[in-house]
Amino acid sequence: MIEPLGALFRFLQLASNMLVLGGCVFLAIAEDKSALSKNLWLTRLKKALPWLAVTLFLGLLGLLAATTAQATGVADNIWRPGAWLEFIQKTRIGLIWTARETCALLVFGVALYVRVSPGAQWRYAACASAAALTLAVGSFASHPAAEEQSILAILPYTVHLILASVWFGALPGVLAVLFAASGNSSTLAANSSDIRSVKRFSVIALPVMVVIVATGLLVADRMVSTNYAALFATKYGLLLNAKVTLLVVVLAIAARAHFVWLPSLDQGSTSAQAGTYGLRKWLRVELAVASLLVFVATLLANTIPAKHDVIDYWPYPFRFSIDATWSDWLVQTLVLAGVMFLVMAAGMMVVGRVKQWGRGARIVVPSVLIVCALPLILYPLGIQSYPETYRKTPVPFDAISIANGAGLFAANCVPCHGPQAKGNGILAKTLPKQPVDLLTEPHTAMHTAGDFFHWLTYGRFNGIMPAFGGTLAEEDRWDVLNFLHANARGYQARIINPRILPEQPFMASPNFSYSAHDGSSGTLKDFRRQQMVLLVLFSWPDSRARIDQLRAAYAAIKGSETVILAVPMNDLAPEDVASLTADAGFPVVTQGASEIARSYALFRRTISKPDLFGEGTAPKHMELLFDRFGYLRARWIPESDGTGWIDLELLMSQIAQLKREGEILPPPGDHVH
């Protein structure tokens with residue numbers, strides 16, 4: 001019960017605020033001392049302003065009560081002013097509410113002044129400004145404000161809301177003019193002062209609507225990000241689609257009014273009569289649709305944004321993906337052909353208007369081209385999907401999961417997929433369908449994590465790939481998936497060498513946890529935005545000379561905002577541990593080393609030594625340099641790269657380059673997708 005009440009109060013306060021703002025803007029446009037006083041509808045609109053301000057005040061009060069009950073989880077708090085006061089005092093939302101309610105009082109005061117004073121544009125402008133201030137303050141409690149506390153982040157949403165109010169709030173005034181300008185006459189007087197006011201508003205409304213659409217797209221893009229699938233499988237996405245659909249209806253009516261019905265008032269009596277009928281009928285429809293749109297917008301503002309929502313169940317048997325299909329030349333050809341049809345459709349619309357084709361031809365020809373274009377574009381981009389396709393991985397992409405997944409893969413998948421997941425296992429040639437190459441082909445990039453989880457759970461190709469849902473626990477299946485991603489990334493990382501690619505981070509590295517001999521512990525993520533990390537995977541005693549060299553240079557390396565983490569790749573005897581850590585200046589990992597070594601050994605491949613056959617060979621020594629934002633930027637393997645970072649000046653120059661770079665990409669997420 002609390003949630004519907006909250007939605008009702010949100011709608012009441014927003015709609016009344018918008019009506020005050022837009023109504024005052026229209027009154028300012030329609031101000032004509034010689035005519036306005038004679039217009040009873042506009043006089044009534046002016047009288048309604050204080051009542052709308054009261055509705056705004058009460059709506060905000062009801063919203064406070066409902067929000068308090070929802071936030072505290074106590075339904076009875078909706079009736080307890082003491083709980084409201086505590087909510088106001090202890091929360092940021094409460095502070096913003098106080099500012100909004102103060103602004104609502106200001107709106108009431110100005111509206112009352114406008115009500116009892118003679119009409120004047122500056123008075124209407126003052127009332128509209130107070131209403132706009134209330135909306136602007138409310139923007140600080142919006143989704144964009146929650147994402148980023150900055151004026152630039154909030155400004156598009158604020159502009160969108162204020163301009164939408166200019167349009168929506170003016171509609172009742174426009175309708176009042178249309179029905180009052182000539183009483184019950186079937187034809188409006190085109191040159192009357194009131195109709196001229198409507199025409200002036202129509203001219204202003206066109207750029208206003210353009211900015212509304214532009215800012216709406218900007219805000220929606222921030223709320224959806226790249227999670228476009230959420231538009232069709234989450235509450236936010238469905239509400240956003242409903243809002244866009246309603247907006248399209250509104251735009252169609254507004255365009256007809258602006259370009260057809262209003263100009264027809266200046267033409268012959270027959271055209272003027274048709275224009276009058278169209279304006280009176282369809283602007284009422286526009287107001288009704290716009291009211292529904294505002295209600296949907298209030299629901300949208302209180303729904304988890306699409307980019308943060310989880311799609312646990314994808315209800316469609318297909319999805320569209322450019323990444324998974326674009327490499328096929330036939331797909332490219334069909335899609336480009338479809339785009340050409342769309343361009344032709346747009347061209348036919350222009351040609352039809354210029355050549356003054358009949359209405360049927362202007363509609364039918366572009367429609368046929370569009371109908372032909374859509375299958376050409378969409379069908380080639382469609383691929384099979386599953387209920388789990390967009391499910392987020394609950395298991396982090398870290399060394400523990402990858403190491404466990406590697407063991408599970410070795411125990412269950414090697415006979416068919418081969419020891420390195422290249423699809424060349426000993427049973428591969430006996431199968432009716434060859435296993436896919438999960439190492440060198442971009443399957444992990446082309447398909448979602450949920451796709452792989454579905455295949456692991458239910459099998460594939462009519463049982464050729466068995467189902468592991470009954471033999472592997474759910475977490476184990478996610479571990480196998482993490483291993484496959486790490487394995488594929490290791491192959492992609494073969495282009496990384498001892499010299500970084502300036503300003504080009506691309507390889508997101510798996511996280512890991514560790515404890516070191518000196519009592520320090522943490523994760524790789526702990527160093528983000530603070531220090532760079534030189535991860536040294538070493539074998540003992542083979543790497544003794546290099547460890548000694550790094551020990552001697554550690555002061556200089558540490559002074560360059562870089563920490564060294566040394567990870568043994570082989571088991572160390574107690575005496576070796578004592579010898580190694582006796583005077584080590586940097587942490588030597590003692591717990592978590594085997595998982596780190598096993599996971600990062602997957603990043604051993606180079607262009608000259610891709611290591612694709614058999615079980616692969618892990619190098620005895622490998623060093624990886626991570627930037628401050630979690631990306632693997634350089635790697636040195638003595639067996640493949642020669643002397644490399646034995647020249648400490650080369651190493652220090654790479655560190656210096658990374659130190660100069662700012663944040664190019666945000667830090668990678670904790671899960672694969």
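Couple of notes before you dig in:
- Of 109, 59, all but one fail to be within 31 Å of the chain's Cα centre (by Cα), of a type outside the set (Phe, Trp, Tyr) and either closer than 14 Å to residue 131 by Cβ or surrounded by fewer than 19 Cβ atoms within 10 Å (Cβ to Cβ) (or both); the exception is 59.
- Pick from the stretch 124-135, criterion in contact (Cβ under 8 Å) with a residue 12 or more places away in the chain and out of contact with any Cys (no Cβ under 6 Å at 6 or more places or on another chain), ranking: nearest to residue 31 (Cα to Cα): 125
- Test: residue in the stretch 602-609 that is within 27 Å of residue 483 (Cβ to Cβ), in a helix (DSSP H, G or I), touching a residue at least 12 places away in the same chain (Cβ under 8 Å) and among the hydrophobic types (A, V, I, L, M, F, W, C): yes
- The set of residues in the stretch 498-530 being assigned to a loop (DSSP other than H, G, I, E, B) and in contact with a Ser or Thr (Cβ under 6 Å, 6 or more places away or on another chain) consists of 510, 517.
- The stretch 628-647: number of residues that are assigned to a loop (DSSP other than H, G, I, E, B) and among the small types (Gly, Ala, Ser): 2
- Only one of 543, 513, 509 that is polar (S, T, N, Q), under 23 Å from residue 407 (Cβ atoms), at pLDDT below 95 and surrounded by 18 or more Cβ atoms within 10 Å (Cβ to Cβ): 509
- Among (1) surrounded by fewer than 19 Cβ atoms within 10 Å (Cβ to Cβ); (2) more than 16 Å from residue 257 (Cβ to Cβ); (3) of a type outside the set (D, E, K, R); (4) at pLDDT 85 or above - the single one residue 203 does not satisfy: (2)
- Test for residue 322: is it β-branched (Val, Ile, Thr) and within 30 Å of residue 142 (Cα to Cα): no
- Pairs linking a residue in the stretch 427-440 that is among the β-branched types (Val, Ile, Thr) to a residue that is surrounded by 17 or more Cβ atoms within 10 Å (Cβ to Cβ) and not in a loop (DSSP other than H, G, I, E, B), with Cβ atoms under 7 Å and 6 or more positions apart or on different chains, are 436/443; 440/491.
- Filtered residue count, the stretch 382-408, keeping only those that are within 24 Å of the chain's Cα centre (by Cα) and either part of a strand (DSSP E or B) or aliphatic (A, V, I, L, M) (or both): 4
- Take the conditions (1) closer than 30 Å to residue 3 by Cα; (2) modelled with pLDDT under 95; (3) not aliphatic (A, V, I, L, M); residue 295 misses just one of them, which is (2).
- Every pair of residues 6+ apart whose Cβ atoms lie under 9 Å, when the first sits in the stretch 96-110 and is assigned by TED's automatic domain parsing to the domain that holds residue 128 and free of Cβ contacts under 8 Å to residues at least 12 places away in the same chain while the second is surrounded by fewer than 20 Cβ atoms within 10 Å (Cβ to Cβ) and not polar (S, T, N, Q): 98/88; 102/137
- Just one of (1) surrounded by fewer than 19 Cβ atoms within 10 Å (Cβ to Cβ); (2) out of contact with any helix residue (DSSP H, G or I) (no Cβ under 8 Å at 6 or more places or on another chain); (3) in contact (Cβ under 8 Å) with a residue 40 or more places away in the chain; (4) of a type outside the set (Val, Ile, Thr) fails for residue 649. It is (3).
- One residue alone among 609, 620 is closer than 24 Å to residue 513 by Cα, among the charged types (D, E, K, R), outside the structural domain of residue 437 (by TED's automatic domain parsing) and modelled with pLDDT under 95, and that residue is 620.
- Which numbered condition residue 580 misses (of (1) surrounded by fewer than 20 Cβ atoms within 10 Å (Cβ to Cβ); (2) over 15 Å from residue 636 (Cβ atoms)): (1)
- Residue within the stretch 113-122 that is without any contact (Cβ under 8 Å) to a residue 60 or more places away in the chain and either surrounded by 19 or more Cβ atoms within 10 Å (Cβ to Cβ) or among the basic types (Lys, Arg) (or both) present: no
- Residue in the stretch 76-91 that is outside any helix (DSSP H, G or I), among the aliphatic types (A, V, I, L, M) and either at pLDDT below 90 or buried (at least 18 other Cβ atoms within 10 Å of the Cβ) (or both) present: no
- Filter result for the condition that a residue is crowded, with 22+ Cβ neighbours inside 10 Å, free of Cβ contacts under 8 Å to residues at least 60 places away in the same chain, in contact with a strand residue (DSSP E or B) (Cβ under 9 Å, 6 or more places away or on another chain) and under 26 Å from residue 397 (Cα atoms), over 569, 622: 569
- Counted residues, the stretch 98-117 - those being in a helix (DSSP H, G or I), of a type in the set (Gly, Ala, Ser) and over 15 Å from residue 48 (Cβ atoms): 3
- Checking each residue in the stretch 481-519 for being under 15 Å from residue 629 (Cα atoms) and hydroxyl-bearing (Ser, Thr, Tyr) picks out only 509.
- Taking every residue in the stretch 472-495 that is among the hydroxyl-bearing types (Ser, Thr, Tyr) and part of a loop (DSSP other than H, G, I, E, B) and pairing it with any residue that is surrounded by 21 or more Cβ atoms within 10 Å (Cβ to Cβ) and modelled with pLDDT under 95, at least 6 positions away or on another chain, yields no pair with a Cβ-Cβ distance below 9 Å.
- Residue list for the stretch 58-95, filter: within 15 Å of residue 138 (Cα to Cα) and touching a residue at least 60 places away in the same chain (Cβ under 8 Å): 67
- Condition check for residue 669: touching a Lys or Arg at 6+ places or on another chain (Cβ under 6 Å) and within 20 Å of residue 401 (Cα to Cα): no
The values are calculated or read from the model by the stated rules, or taken from the named source; none is laboratory data. As the structure is a computational prediction, the values presented were derived from the model and not from experiment. When we count neighbours, we look across all protein chains shown, and the Cβ atoms used for this are built from the backbone with ideal geometry, even at glycine.
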